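Here is the structure we will look at, set down as structure tokens.
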Amino acid sequence: MAQKIERVGVLGAGLMGHGIVQVAAEAGHEVVVRELDEATLQKGLGKVEKQLARAVEKGRSSREDADAVRARIRGTVHYRDLADCDLVIEAITESLPLKLEMWREVDEIVKPDAVFATNTSSLAVVDQAAVTGRPERFVGLHYFNPAQVMKLVEVVRCVTTGEDAFQTALEFARGEGKLAIPTRDRAGFIVNRLLVPYMLDAIRAREEGVGSIAEIDEAMKAGAGHPMGPLTLADFVGLDTLGSICEVLFDEFRERRFAQPPALRKMLSAGWFGRKSGTGFYDYSGETPTENPGI
Ligand SMILES: NC(=O)c1ccc[n+]([C@@H]2O[C@H](COP(=O)([O-])OP(=O)(O)OC[C@H]3O[C@@H](n4cnc5c(N)ncnc54)[C@H](O)[C@@H]3O)[C@@H](O)[C@H]2O)c1
């Protein structure tokens with residue numbers, strides 16, 4: 001049976017975490033978000049603030065509603081403030097050692113009947129479940145970027161996930177107004193399993209000179225009806241994130257379609273992480289993005 005979720009803990013207030021915080025607070029939950037340090041925490045909360053202010057400005061939300069959402073969100077740098085949460089969702093850096101270290105700490109502090117969820121894009125959910133004392137209460141809740149806008153949440157059942165925790169996670173995501181699609185603990189789940197090889201193929205097409213960066217993007221928009229071309233999408237996802245996802249997928253399946261193209265590896269060495277670093281397949285320093293001549 002699904003468990004009632006009132007208080008939600010979120011770990012990480014980065015690209016995904018701040019959106020997950022906002023969506024949960026908008027759905028009426030009390031939210032505590034933990035970051036590593038005060039500056040990063042304030043940066044994440046600032047992004048939520050900006051979104052709330054914009055929604056009021058555009059008439060999508062009333063000032064009272066925005067204030068109520070704001071009042072439900074509390075930031076912290078201490079794990080101990082998550083102790084009373086009914087559900088804890090992690091959206092920290094995509095690194096298994098970091099996530100395991102974090103779960104060991106959180107598991108000690110948070111009440112035993114709370115459900116734990118990972119927003120990982122590529123790591124095995126069971127690897128994280130196994131370091132906690134509650135592997136049957138552990139699921140994947142995979143949001144998409146931006147979490148405030150994207151409708152889908154993949155709800156991942158790993159081999160240890162119990163029915164109650166799984167139903168709780170499904171109901172929680174539905175309660176946020178999301179389309180909750182159940183899936184299994186296979187690297188990449190549904191969407192990244194299909195989308196990552198597509199973005200990697202677009203990079204290989206560029207390497208082989210099939211088209212310029214903009215031509216590849218424009219072709220997929222006009223020819224396949226995609227709202228965004230694959231190289232723009234890669235910049236949006238973050239090339240560092242894409243790089244780590246494809247490494248995990250390659251390790252898991254040993255298939256060439258998941259292998260990191262040399263151009264991507266070199267871009268990562270150069271510190272070109274896409275939109276978030278200002279340079280990726282496009283240069284974002286001007287009014288409109290221009291093709292990166294270095295690729
Ligand atoms: N970027 C995407 O499009 C996307 C989409 C879906 C899921 N994800 C997944 O979401 C997770 C986060 O990705 P992101 O893109 O938001 O990364 P990000 O780098 O923007 O944010 C990660 C944040 O976690 C913080 N952090 C690290 N260790 C922490 C800890 N122990 N406690 C609290 N905070 C900690 C960092 O300071 C950072 O602000 C990853 O697992 C990623 O695979 C990413």
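Each reported figure results from applying straightforward, stated rules to the coordinates on display, with no laboratory input. Bear in mind the structure is a predicted one, so any value in this text is a computation, not a measurement. Here Cβ is always computed from backbone atoms with ideal geometry, including for glycine, and neighbour counts include all displayed protein chains.
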Q) Ranking 166, 236 by Cβ neighbours within 10 Å, fewest first, what do you get? A) 236, 166
Q. For segment 7-184, what proportion of DSSP beta bridges, expressed in % and rounded to the nearest 5, is antiparallel?
A. 15
**Q.** With at most 12 neighbouring Cβ atoms within 10 Å, loop trypsin sites (Lys or Arg not before Pro) (DSSP) excluded, longest segment of the chain
**A.** 152-253
Q: First check a/c for segment 85-185, with a ≥ b ≥ c the square roots of the eigenvalues of its C-alpha gyration tensor; if it is under 1.5, answer rounded, and if not, answer prolate when a/b is larger than b/c or oblate otherwise.
A: prolate
Q) Rounded if a/c is under 1.5, else prolate if a/b is larger than b/c, else oblate: which is segment 192-286, with a ≥ b ≥ c the root eigenvalues of its Cα gyration tensor? A) oblate
Q. Can you pick out the pairs among 4/111; 4/178; 50/221 whose Cα atoms lie more than 20 Å from each other?
A. 50/221
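Give me the tail of P(r) for the chain as a percent: Cα-Cα pairs with distance above 31 Å. It would help to have the intermediate numbers written out before the result.
Values: 13365 of 43365 pairs.
Above the 31 Å cut-off, the chain has 31 percent of its Cα pairs.
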Q.
Going Cα to Cα from residue 266, which lysines come in below 22 Å? Please leave out same-chain ones fewer than 8 positions away.
A. 276
Q.
Ignoring everything except DSSP H segments at least 4 long, calculate the 222 nm mean residue ellipticity for the chain; use -39,500 (n - 2.57) per segment, divide by total residues, nearest 500.
A. -14000 deg cm²/dmol
Q: Rank these for me by crowding, 239, 98, 200, going from fewest to most other beta carbons within 10 Å.
A: 98, 200, 239
Q.
Given contacts defined as C-alpha pairs under 8 Å and at least six residues apart, what's the relative contact order of segment 43-113, whole-number percent?
A. 29
Q) With the contact rule set at Cα under 8 Å and sequence spacing of 6 or more, what percent relative contact order holds for the chain? A) 14
